[in-house]
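Enquirer: Sharing a structure with you now.
The values are calculated or read from the model by the stated rules, or taken from the named source; none is laboratory data. Predicted model, so just to flag it, every value in this text is computed and none were measured. FYI the Cβ positions are ideal-geometry reconstructions off the backbone, even for glycines, and counts take in every protein chain you see.
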């Protein structure tokens, strides 16, 4: 599941947005343009249904929405940096600048999905504690540098989290 999970194409730096709904809608449209979703409206609706269950705000100006859906063609992780410094994730005024959106097709093996999600979320959580990493994510104009930071973290956690 992890190969090509996140690519330069699934990264969006400085996305203009004023709300969670607007940002997620734009991300779904981007996934449509990448041919990862044939129905971005249905994908958006599935993400919003998941958001209604429990907030995916993670702290450190980061949100990690995630969804299992029929409307994504392959497991995909998007990294999105919002350009609006006043952007909030919910009614609780939770400031967010970074969104990691994980979309997984429903046909993925459930055990594999749980293991992969665990390693992705734990990798992001470890990086969230690194102030230099947060600074890189918030300020770098080079998507490649951000992508490298993520792939390095995913690789370091891969063998410790996923059992073969």
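Enquirer: For the stretch 54-86, how many residues are crowded, with 22+ Cβ neighbours inside 10 Å and either in a loop (DSSP other than H, G, I, E, B) or at pLDDT below 90 (or both)?
Expert: Qualifying residue count for the region: 5.
Enquirer: Looking for whichever is closer than 20 Å to residue 141 by Cβ, in contact (Cβ under 8 Å) with a residue 12 or more places away in the chain and within 16 Å of the chain's Cα centre (by Cα) here; the options are 63, 23, 58. Which one fits?
Expert: Result: 23 is the single residue among 63, 23, 58 that is closer than 20 Å to residue 141 by Cβ, in contact (Cβ under 8 Å) with a residue 12 or more places away in the chain and within 16 Å of the chain's Cα centre (by Cα).
Enquirer: Output the residues belonging to the stretch 89-109 that are over 19 Å from residue 28 (Cα atoms), at pLDDT 90 or above and in contact with a helix residue (DSSP H, G or I) (Cβ under 9 Å, 6 or more places away or on another chain).
Expert: The answer is none; no residue qualifies.
Enquirer: So residue 51 clears everything in (1) surrounded by 15 or more Cβ atoms within 10 Å (Cβ to Cβ); (2) at pLDDT 95 or above; (3) assigned to a helix (DSSP H, G or I) except one condition, right? Which one?
Expert: All conditions are met except number (2).
Enquirer: Turning to a different aspect of this structure: Looking at the structure I just gave you, is residue 119 in contact with a helix residue (DSSP H, G or I) (Cβ under 8 Å, 6 or more places away or on another chain), crowded, with 17+ Cβ neighbours inside 10 Å and part of a loop (DSSP other than H, G, I, E, B)?
Expert: no
Enquirer: Quick one: how many residues across the stretch 30-48 are farther than 23 Å from residue 7 by Cβ and either without any contact (Cβ under 8 Å) to a residue 12 or more places away in the chain or buried (at least 20 other Cβ atoms within 10 Å of the Cβ) (or both)?
Expert: Of the residues in the stretch 30-48, 1 are farther than 23 Å from residue 7 by Cβ and either without any contact (Cβ under 8 Å) to a residue 12 or more places away in the chain or buried (at least 20 other Cβ atoms within 10 Å of the Cβ) (or both).
Enquirer: Is it true that some residue in the stretch 88-107 is in contact (Cβ under 8 Å) with a residue 24 or more places away in the chain, part of a helix (DSSP H, G or I) and crowded, with 21+ Cβ neighbours inside 10 Å?
Expert: no
Enquirer: Could you list, in sequence order, the residues of the stretch 133-164 that are in contact with a helix residue (DSSP H, G or I) (Cβ under 8 Å, 6 or more places away or on another chain), at pLDDT 85 or above and either more than 21 Å from residue 82 (Cα to Cα) or surrounded by fewer than 16 Cβ atoms within 10 Å (Cβ to Cβ) (or both)?
Expert: 140, 144, 145
Enquirer: Got a number for residues in the stretch 1-29 being crowded, with 19+ Cβ neighbours inside 10 Å and part of a helix (DSSP H, G or I)?
Expert: Number satisfying all stated conditions: 6.
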